Amino acid sequence: MTDLDLRLVRYFTAVAEHRHFGRAAEALHITQPSLSRQIRRLEQQLGARLLERTPQGSRLTEAGEVFLPRGKALLRSAGQAAALTRAAAEPSRITVGYTLGIIVTPAVRALRERFPDADVRTAYVDWSERTSALSELKADVLVTRLPFPTEGTRVTVLYSEPRVVVLPVGHRLAGRESVTLDDIAEEPMVRVADPEWNAYWRIDPRPDGRPAPGGPLLEGGLEDKFELVASGQALAITALPHAGALRPDVVAVPLDGVDPAHVVLASRAEDRGRLVTGFRRVAREHLTGPAR
């Protein structure tokens, strides 16, 4: 019988998600050599090679493909067990997670008013951590944007946000009231490492089946994305609220003909505690989107 170290399993799933040891190490806040050693330890425990390095990064072996969904299930199960145990021991504590550009203050305030005995906390969650925030107990509920893996979670759509194209001020389309995908069909688009996030925000493939044009890979956050746009290297699609953070040398133009982004509330599927249930109720009442 093999006793698996869940920390090693988490490291493996990070590399599998990023398809790159360097980017995974950065997301995990450890060094790349240390991450490589931990993956080798896991492979030794399992008696199988899970990952192979390639010129582009890394790829799963056949054994890795088999282990990945089971490893994710192990992490979810452990996270849920810990969360439910904690909820039973500390029924008056909740951490509300939120990602960039989302304001949860009205709902948090309302929850504190309804449960004055509760310890209601908030925690900013980086977009790269949104997939693990619930399972790793960084948050009990998470207000974020789709897409993200929702298996093992209970998800409620709170509101929608129009998507916009961010362009340099001098771009040929910068003065338009709106643009379509046809208008930007040949424009390079900023890429991100997360495959699902990348496909959604680049709209790749396009409705006609064509791939979205290539573009530079985003290594940092929103400001780095705007820098790539301002310098003329690529365009970017984002949610309307991010337009408030724009620098003066870029503009946001509404993108017609695409579905809006959705802001959702997610919690662990088995967590039906009074504070999680209470927050879901106040979130529906108070988190209805930014004022227009």
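Would you mind stating whether A239 is within 30 Å of L137 (Cβ to Cβ), touching a His at 6+ places or on another chain (Cβ under 6 Å) and outside the structural domain of P147 (by TED's automatic domain parsing)? In short, no.
Scan segment 186-204 for residues that are within 19 Å of Q233 (Cβ to Cβ), assigned to a helix (DSSP H, G or I) and not hydrophobic (A, V, I, L, M, F, W, C) and the total you get is 2.
Summed over segment 140-185, residues that are in a loop (DSSP other than H, G, I, E, B) and either at negative phi or among the hydrophobic types (A, V, I, L, M, F, W, C) (or both) total 24.
Scanning segment 214-244 for residues that are assigned to a loop (DSSP other than H, G, I, E, B) and in contact with a helix residue (DSSP H, G or I) (Cβ under 9 Å, 6 or more places away or on another chain) returns G215, P216, L218, E219, G220, G221, Q233, A234. Only one entry of A78, A63, A82, A73 meets the criterion of being in a helix (DSSP H, G or I) and in contact with a helix residue (DSSP H, G or I) (Cβ under 6 Å, 6 or more places away or on another chain), and that entry is A78. Looking only at residues of segment 1-55 that are of a type in the set (V, I, T) and without any contact (Cβ under 8 Å) to a residue 60 or more places away in the chain, we find that the one that is nearest to P69 (Cα to Cα) is V15. Within segment 96-133, the set of residues being modelled with pLDDT of 95 or more and either assigned to a strand (DSSP E or B) or on the phi > 0 side of the Ramachandran plot (or both) comprises V96, G97, Y98, V120, R121, T122, A123, Y124. Within segment 9-34, the set of residues being buried (at least 18 other Cβ atoms within 10 Å of the Cβ), farther than 16 Å from S58 by Cα and either under 15 Å from the mean Cα position of the chain (by Cα) or not β-branched (V, I, T) (or both) comprises R10, L28. Within segment 167-202, the set of residues being crowded, with 16+ Cβ neighbours inside 10 Å and within 20 Å of the chain's Cα centre (by Cα) comprises M189, V190, R191, V192, A193, D194, W197, N198, Y200, W201, R202. A Cβ distance below 7 Å, combined with a sequence gap of six or more or placement on separate chains, defines the contacts here; from segment 135-158, residues that are touching a residue at least 60 places away in the same chain (Cβ under 8 Å) and more than 20 Å from A199 (Cβ to Cβ) reach residues that are acidic (D, E) and not in a strand (DSSP E or B) in the pairs D140/D271.
Counting only residues that are touching a residue at least 40 places away in the same chain (Cβ under 8 Å) and closer than 19 Å to R272 by Cα, segment 109-131 holds 6 of them. A single entry from P216, P260, P254, P205 fulfils the requirement of being free of Cβ contacts under 8 Å to residues at least 12 places away in the same chain, surrounded by fewer than 18 Cβ atoms within 10 Å (Cβ to Cβ) and touching a Pro at 6+ places or on another chain (Cβ under 8 Å): P205.
The values are calculated or read from the model by the stated rules, or taken from the named source; none is laboratory data. Small disclaimer: the values here were computed from a predicted structure and weren't measured. Counting neighbours? That spans all protein chains shown, and the Cβs are built from the backbone with ideal geometry, glycine included.
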